[in-house]
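Here the structure comes first, spelled out in structure tokens, and everything after it is commentary.
The values are calculated or read from the model by the stated rules, or taken from the named source; none is laboratory data. It should be emphasised that the depicted structure is a prediction, and the values quoted were computed from it without experimental measurement. Using ideal geometry, Cβ is built from the backbone for each residue, glycine included, and neighbour counts are taken over all protein chains shown.
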Amino acid sequence: MRVDRPIRRQKPISLTPLVDVIFLLLLFFMLSSTFTTFGEIDLGAPATGGGNGKVPEALLTIDGSRLRLNGREVDSASLEDSTRALLERDIDGLLILARGETSTQQLVEIISRLRKLPGLKVTVAGAQ
């Protein structure tokens, strides 16, 4: 005697839990992306004519974590004070030269700090 097993019918897959998971993932990524802040700095185009602009009177060299203002070693905490001393001597143009192991983040932080000083014109130059 042959006994046939009943054919198992598959239930349709419910998509409701899948939609819930996708919604939770979307919510997570939206909330986590708002915790990062982005800063921006304005970079102007170079002047046309090659050399019609005013020459900066001071030089800030950034080489990794070392800062040198007009050839003298300056620590990061006293950078604004040293730059204010230049402004008191009527030196309002500062050229920033990035060298060596200087990261873009370090350069942007220093430019942002120096742009807060009123009356200081900051110019950036790159070196190889």
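Here is a yes/no grid of residues against (1) at pLDDT 85 or above; (2) exposed (fewer than 10 other Cβ atoms within 10 Å of the Cβ):
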{"residue": "Arg5", "(1), (2)": "no, yes"}
{"residue": "Pro12", "(1), (2)": "no, yes"}
{"residue": "Leu15", "(1), (2)": "no, yes"}
{"residue": "Thr34", "(1), (2)": "no, yes"}
{"residue": "Thr37", "(1), (2)": "no, yes"}
{"residue": "Asp42", "(1), (2)": "no, yes"}
{"residue": "Val55", "(1), (2)": "no, yes"}
{"residue": "Ser82", "(1), (2)": "yes, no"}
{"residue": "Gly100", "(1), (2)": "no, no"}
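Would you confirm, using the coordinates I've provided, whether Val124 is surrounded by fewer than 15 Cβ atoms within 10 Å (Cβ to Cβ), in contact (Cβ under 8 Å) with a residue 60 or more places away in the chain and under 18 Å from Thr61 (Cβ atoms)? Judged against the criteria, Val124 is not a match.
For the condition touching a strand residue (DSSP E or B) at 6+ places or on another chain (Cβ under 8 Å), within 13 Å of Glu57 (Cα to Cα) and modelled with pLDDT under 85, Ile91 qualifies.
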